[in-house]
Amino acid sequence: MNRNAIKFAILSVAAAFMVGCGGGGGDDDDNTKNDTSPTVTYSNYSIKVVDDAVIGAKISAIGCEGYSEKGSGEYELLNCTQKPTVIVASGGTIDMNGNGQIDSGDVPMALPFTLDVTQSNTEDRFVVSPLTTLAAEAKEDELETLAIKLGISKSELFADLSQYENKKEILQLINAQFIAASENGVIDMPAFLGKFKEYLLNSTGNDAKGSIASVIDALKNDTDAPKIFGGIGFNGFISEAESLKDTGLADYYESKKSDPTKTVFIGYVYDEILADANVSLFIDNTLVAQSKSDSSGKFTLEVDADKIGDDKIIKIEAVLNGYKGDNVKLVSFLTSTQIENLAKSRVSVSDLIDIVVSNVTTAEYIVAKKLNGGNDFTDTDTLEEKLLEAQIEKAEKVKETAALIKYIVDTNATQSSSADTLAYAESKLDTNLTLDLNATEQQNIETYKTEIENDPILSKQLEVTGESTAAVTTLKTLYDQGVKEFYMVYTEKEYDANGNEFYSRKYTKITFSLDSIEFTDYILENNSWKLRNQYSSNFSGSFDNTGTFYITDPTTDLEKIWLISSSKVFNSSLNRNFNIYLMAHALYKGHDNEFYLSIFDGHYEYAGTLNQDIENWSDFINIYASSYFNDIGVLNSDGSTTSNYWSKWEYFTINGKDFIRFYSDYDRDTRIYALDYTNKKFYKKYEYDEKFLDTPIYVIASSDYELVEAFRLTNDADFQIFKDYYEIHKENESNIAYAYTIQNFLERLLEGFETSSSSSSTTNPPTSTLDDTILSNMWKRNALTSPNGGESWNNGENREVTWSTTDIVGDTVNCYVLHDDPSNILDAMSNNDAVSLTNAITSAIWHKFATDASNSGVIGIDPSVMGGTGNAYLVLTVSNNGYWDISDGLFSLNYNNDINLTDYLVGKTFYIAVTDVPNKHVETIYTRTDGILQVTWEESGQTMEELFSYTIDGNILHLTNTNNPNETYTMEFSLMDGKLLAKDLGDGSVDPLYETYAEAEAAL
């Protein structure tokens, strides 16, 4: 099935998720990355975050690279490539006493605040508040009613009501519900806000107090509402929300004030509800706090905030001895980085689901520990790596181990003897990750796996939504590195002219830019890829400052796309690496009216003809209540259909236009039909079902077109395996374990790929750091004679790398070209420091262009094998005996002219990482068009600024401090792989200029 959504061809994981995607084809162009970047105008926007003023918050906005805090709830969004469409403020503290300081008179923030900017009429100054958060859940035609129910005007939904004492209470009354929900373990915030909004719209009140009281009563009687809290914290929320009627708002806020020197953890002990458990919190194995779980399993732990610190391992341990005959011990492991990133002093389940200490968190720890060789964790990097590996690569083993623990805890039959559940489960799993189960356990494991899958808390803990592994952490990082195109292969069931079933081979190409995303789709016909124009599309969108890409085009599904992990596959036949990426995408916002009305402007997939006698909805339903409509079937009056696939239908109108929506029990999409009575047409469009809001779908992609060719050349037997994966797993697109199964298949496909077409050169050759053992012997200075500095080599030329075999002793050599900042290497060479030089070399990024070549003293090459463009390259030659030398100076690749520094710098913003001062920081460099270069950075919570007048002479930049004319600098600029390097001719230091703040921050 094809559909007009964010067309991520999910391989067999979600092959139903196909639409206007594709790209590439068999042309050579698909093997070369397009490094042309669009010209983008950057803007800043003012934000105010209020209940009272919210200070210390984190601001995220689609299309903006960062933010600065101005004080008193004021913030500025920085370097936005477009006007923001969604702004989120998370963490921080409500400044109740108005002194601008975070102190014991303040209340910590709970749920994040959101603003849908498209609902606001302001252009450059936006308010983010509890009111805008509720409004973001509403459609345009619901906003007026929402405001009336709260006793305000529509425009006041987006105003700063904290300035008016008689209306500030509305903000705080709503936020009090958010605080109560957060501290009682709401796990599905979109569902909570959605229900809150619906019941508010349907309330009988005409002011905030009456309407919100009506909402709480409705939630209390909603049998589905407890699921939003995982079934365990709902009663606590209702009790706390109802108590507001008696305690009053002022007393409630007073009770929520918090000591900023403390960090409070509010969580649950859960397998089933486990009351009276002893709960302990350890930081780097030191006990720092203890408490007991209450009747709902809830616990509160308070710890001195300064004990959390940097790079600390946090363990929460729950012990309940003698429970149904067993000694229950459950654990959950966190890191101090996770806590610090929240910017909150009260951390609850709504912030981190793993503050629920459960059989799943315990199983994740057990599997991660086995992946670590059975060793305990002593550093956060290893802990994060192994936990993520357990969650992604060993998800099924985590589930099995969790099911074993749940079986032990939930049943009266004692399984663990004198051991606690943690020790017992750990003893059952060997280092090969094989569970040694007895017959009774084996019989029950599937039952308890199913219970975990159906449990709202435990199933959510099995989801993976965290950051990726390795150095590449976000899609924006990949984009900044020039990786802008991704390929996904998939298969779909088709029928030939005779009605015979077969499976086609297809692929989707996705291309990111700073302000859009393009999908193009191809199908294999007669062993060639054919473009499917009807399924190709381009949507507006942008990255936010977390590196996630958001589609913002209101005519399509509003989805976010983010990176989970990355891996490399080495193909020994081709002597090169291929890249595989595990990504996720999810609907982040419901559909506005424009999504539906745009159908009449041509945003649909298919147009059909209506019966000519139909003039209105009454005519339509009279005809199709007794005859087939399109391929759906008969529309029954009870909302059902005669279709086995499309089980329900509903009718709705927008601005006088009639629509029908069809639901399927087998698909995430609904099907929308717009009825055009005037032209006797109907138009079909697919819509991502909003009940799956924020539910991730996992996809596997490669940035290498060779995946497409490997898929084309796959033999029938392997294609049958791939097709079987699709048939088995297509209903499990949100289960990461199935995604990883597909990833393994594609990795094997690329490892065995052999075709001459795949070896054509690219502008982004495989690169990596070097193994420390490669340079095992002496540095033979001056042994390498070419290239040795000053050369200019171009693709297509015949060039020679030469060295002395008297010094570089061995039978064979490997040759590498630097694709990294050369400054540390040059510094070490200038100091004649072999140890520092070795360290600098092995920590840099290199591309190997000659492998096990004969040690003849010369290799003839075409410089295209080095894969570079710029004037800052070095060659390293290493023998199999470990003798080596490196170019004495920089040489150029495909670089024939001096840099036109005006084109590169003026009117643009760059970032540098300042690491040679105690306060390491990122500086923002903006070269203005008026002859002034502006430098800004953050220091002690303040934005600092220096201004320099500048002149440009070729690739030389002359700077003079406008406040101190005696402070001057002369900077020489060079290029390496398209990246600017600035060399201070005064002290010789070299700094890369980064295009994003995040990239510079990562270099600190």
Condition set in contact with a Phe, Trp or Tyr (Cβ under 7 Å, 6 or more places away or on another chain) and not in a helix (DSSP H, G or I), scope region 178-191, selection farthest from Ile353 (Cα to Cα): answer is Asn184
Quick check: anything in region 60-82 surrounded by fewer than 21 Cβ atoms within 10 Å (Cβ to Cβ), modelled with pLDDT under 85 and within 23 Å of the chain's Cα centre (by Cα)?
yes
Those residues of region 946-982 which are assigned to a strand (DSSP E or B), of a type in the set (D, E, K, R) and under 35 Å from the mean Cα position of the chain (by Cα), in sequence order:
Glu946, Lys979
Of the residues Phe543, Phe486, only one is touching a Lys or Arg at 6+ places or on another chain (Cβ under 6 Å) and at pLDDT 90 or above; which?
Phe543
Answer yes if at least one residue in region 129-147 is among the polar types (S, T, N, Q), open to solvent by 10 Å² or more (accessible area, probe 1.4 Å), in contact with a Gly (Cβ under 6 Å, 6 or more places away or on another chain) and modelled with pLDDT of 90 or more, and no otherwise.
no
Report every pair of residues separated by at least 6 positions or lying on different chains whose Cβ atoms are under 6 Å apart, first residue within region 879-901 and surrounded by fewer than 20 Cβ atoms within 10 Å (Cβ to Cβ), second at pLDDT below 90 and of a type in the set (Asp, Glu).
Asn880/Asp811
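Please work out if Leu219 is in contact with an Asp or Glu (Cβ under 7 Å, 6 or more places away or on another chain) and open to solvent by less than 40 Å² (accessible area, probe 1.4 Å).
no
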Count, please, the residues in region 49-83 that happen to be in contact (Cβ under 8 Å) with a residue 40 or more places away in the chain, hydroxyl-bearing (Ser, Thr, Tyr) and closer than 24 Å to Thr261 by Cα.
1
For the subset of region 863-873 comprising residues that are under 17 Å from Ser786 (Cβ atoms) and not in a strand (DSSP E or B), which member is most open to solvent (accessible area, probe 1.4 Å)?
Val865
Any residue in region 612-624 that is in contact with a strand residue (DSSP E or B) (Cβ under 8 Å, 6 or more places away or on another chain) and free of Cβ contacts under 8 Å to residues at least 12 places away in the same chain?
yes
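What about Leu876, is it closer than 30 Å to Asp987 by Cα, open to solvent by less than 20 Å² (accessible area, probe 1.4 Å) and assigned to a strand (DSSP E or B)?
In short, yes.
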Residue list for region 343-356, filter: open to solvent by less than 10 Å² (accessible area, probe 1.4 Å) and not in a loop (DSSP other than H, G, I, E, B):
Val347, Ser348, Ile355, Val356
Thr247 passes all but one of the listed conditions (1) hydroxyl-bearing (Ser, Thr, Tyr); (2) within 22 Å of Asn359 (Cβ to Cβ); (3) open to solvent by 10 Å² or more (accessible area, probe 1.4 Å); the exception is number (2)
Tell me, please, whether a residue that is acidic (Asp, Glu) and either in a helix (DSSP H, G or I) or crowded, with 18+ Cβ neighbours inside 10 Å (or both) can be found in region 192-206.
yes
What's the number of the condition Glu340 fails, among (1) at pLDDT below 95; (2) out of contact with any Ser or Thr (no Cβ under 6 Å at 6 or more places or on another chain); (3) surrounded by 21 or more Cβ atoms within 10 Å (Cβ to Cβ)?
(3)
Considering only region 195-206, state which residues are in contact with a Gly (Cβ under 8 Å, 6 or more places away or on another chain) and modelled with pLDDT of 90 or more.
Ser203
From Thr943, Thr924, Thr851, which residue is surrounded by 20 or more Cβ atoms within 10 Å (Cβ to Cβ), touching a strand residue (DSSP E or B) at 6+ places or on another chain (Cβ under 9 Å) and part of a strand (DSSP E or B)?
Thr924
Reported set for region 977-987 where residues are in contact (Cβ under 8 Å) with a residue 12 or more places away in the chain and surrounded by fewer than 18 Cβ atoms within 10 Å (Cβ to Cβ) is Gly978, Asp984, Leu985, Gly986
Take region 794-819 and flag every residue that is in a loop (DSSP other than H, G, I, E, B) and either at pLDDT 90 or above or on the phi > 0 side of the Ramachandran plot (or both).
Gly796, Ser804, Thr805, Thr806, Asp807, Ile808, Val809, Gly810
State all residues of region 781-793 that are open to solvent by less than 50 Å² (accessible area, probe 1.4 Å), at pLDDT 90 or above and not hydroxyl-bearing (Ser, Thr, Tyr); if no residue qualifies, say none.
Ala783, Leu784, Pro787, Asn788
When you scan region 152-163, do you find a residue that is in contact with a strand residue (DSSP E or B) (Cβ under 9 Å, 6 or more places away or on another chain), free of Cβ contacts under 8 Å to residues at least 12 places away in the same chain and part of a helix (DSSP H, G or I), even just one?
yes
Would you call Gly236 surrounded by 19 or more Cβ atoms within 10 Å (Cβ to Cβ), at pLDDT 90 or above and part of a helix (DSSP H, G or I)?
yes
Any chance Gly860 is open to solvent by less than 60 Å² (accessible area, probe 1.4 Å) and of a type outside the set (A, V, I, L, M):
no
Out of the strands (runs of 3 or more DSSP E) lying entirely within region 639-745, which hold 2 or more residues that are of a type in the set (Gly, Ala, Ser), crowded, with 20+ Cβ neighbours inside 10 Å and modelled with pLDDT of 85 or more?
697-702
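The values are calculated or read from the model by the stated rules, or taken from the named source; none is laboratory data. Bear in mind the structure is a predicted one, so any value in this text is a computation, not a measurement. Heads up, the Cβs are rebuilt from the backbone with ideal geometry, glycines too, and the neighbour counts pull from every protein chain shown. Just so you know, the surface numbers come from the protein's heavy atoms only, side chains and all, with ligands and any DNA or RNA stripped out. Shrake-Rupley method; radii C 1.70, N 1.55, O 1.52, S 1.80 Å.
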